[in-house]
C-alpha cells in the first residue's frame, strides 16, 4: 500500500530572506495519527496548506508531495488533477471555515459538492440519502440536534465539530487539521481531539494535526513531528519528547508550547504520565 503522505525536499520562500519551509521531508503511513508541533512561525500551517495543494512550493529539484500515491505537486507545480486529489483530503481550519448564515447541515453537506452536479450545489438541493449521511456525521460528533440551526449560533467547539463532520461526509482518506483547538476552551479542546483520535482509530483515517500545545500531542498522538524555523528537528514517538529533549530543541520557545492554562483536565493518577512532564520541564529550565 502507498504511504498516505510523502513529502520530499519541500521548501517555501517568501522574499529573498525568509524560508517558511526548508527542505522538509516527511512520510506518513495510512492510519497514523501524527502531531505537527512548533512555535509560531515554525511552518506548521504552511506545510499543511502545501499538502492539500492550496499553495505551491519552491521549484527545487526533486521536491514533491504525494497523497496516497497521487502527485499533489512537483518542483513547484501543482498537479493538473489537484481538485480531484483534494476531494480525498479533509481540511479542518482553526477558524472553522463555516458559512454562519447557513444551516449547519448545509455547511456539513458542502463535503459532498465534489460528487454532486453543479446545478444541485448551486441551489443547495440534497437528496434524502445525502441528508441522512449528514445527520449521521453530526450525530457522530454529538451535535445532530443542531443540524438545522444557523452555523453562527453554535459555540466555537460545536462549530469545530461541524467542520469535522464535513470531512466525514467528504469521505476523506486523510484529515489535515490546522491548529483545530487553538481558539477553544480546555473542555472543547479535549472533545475535538478525542473526536479526531476516534475517527483515526475507528475509521482508519490518516490524521495529521498541527498543535501549538505539546501536551495534547503527547496525550493523543503516538508520533510527533517537530518543526523549528521551517525545518524538521524531530520525528519520532511522542513519548521520546522528554523535558530535556524539548528544551534542547526549542530553548526559550518551549514556554510558548507548554501553554499550561490550555491543558486538558485529567485525573491526578494520569498527571505524571500525560502532563507531569510539563512541570518537570519547567523545573529543568
Q. Under the condition of being on the phi > 0 side of the Ramachandran plot and out of contact with any helix residue (DSSP H, G or I) (no Cβ under 8 Å at 6 or more places or on another chain), which residue from segment 25-45 is surrounded by the most Cβ atoms within 10 Å (Cβ to Cβ)?
A. 43
Q. Pick from 188, 183: which is surrounded by fewer than 21 Cβ atoms within 10 Å (Cβ to Cβ), modelled with pLDDT under 95, in a helix (DSSP H, G or I) and under 17 Å from the mean Cα position of the chain (by Cα)?
A. 188
Q: Test each condition in (1) more than 18 Å from residue 5 (Cα to Cα); (2) touching a strand residue (DSSP E or B) at 6+ places or on another chain (Cβ under 9 Å); (3) modelled with pLDDT under 95; (4) assigned to a helix (DSSP H, G or I) for residue 193 and report the one that comes out false.
A: (3)
Q) For residue 171, which of the numbered conditions (1) part of a helix (DSSP H, G or I); (2) on the phi > 0 side of the Ramachandran plot fails to hold? A) (1)
Q) Checking residue 217 against (1) within 21 Å of residue 30 (Cβ to Cβ); (2) at pLDDT below 95; (3) surrounded by fewer than 20 Cβ atoms within 10 Å (Cβ to Cβ), which single condition isn't satisfied? A) (3)
Q | Hits in segment 180-195 (condition: closer than 24 Å to residue 54 by Cα and out of contact with any helix residue (DSSP H, G or I) (no Cβ under 7 Å at 6 or more places or on another chain)) | A | 182
Q) Just checking, how many residues over segment 232-249 are farther than 19 Å from residue 26 by Cβ and exposed (fewer than 13 other Cβ atoms within 10 Å of the Cβ)? A) 3
Q.
Here is a check on your reading of the model: is residue 208 in contact with a strand residue (DSSP E or B) (Cβ under 6 Å, 6 or more places away or on another chain), at pLDDT 50 or above, assigned to a helix (DSSP H, G or I) and closer than 26 Å to residue 46 by Cα?
A. no
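The values are calculated or read from the model by the stated rules, or taken from the named source; none is laboratory data. None of these values were measured; they are calculated from a predicted model. Neighbour counts run over all protein chains shown; Cβ positions are idealised from the backbone, glycine included.
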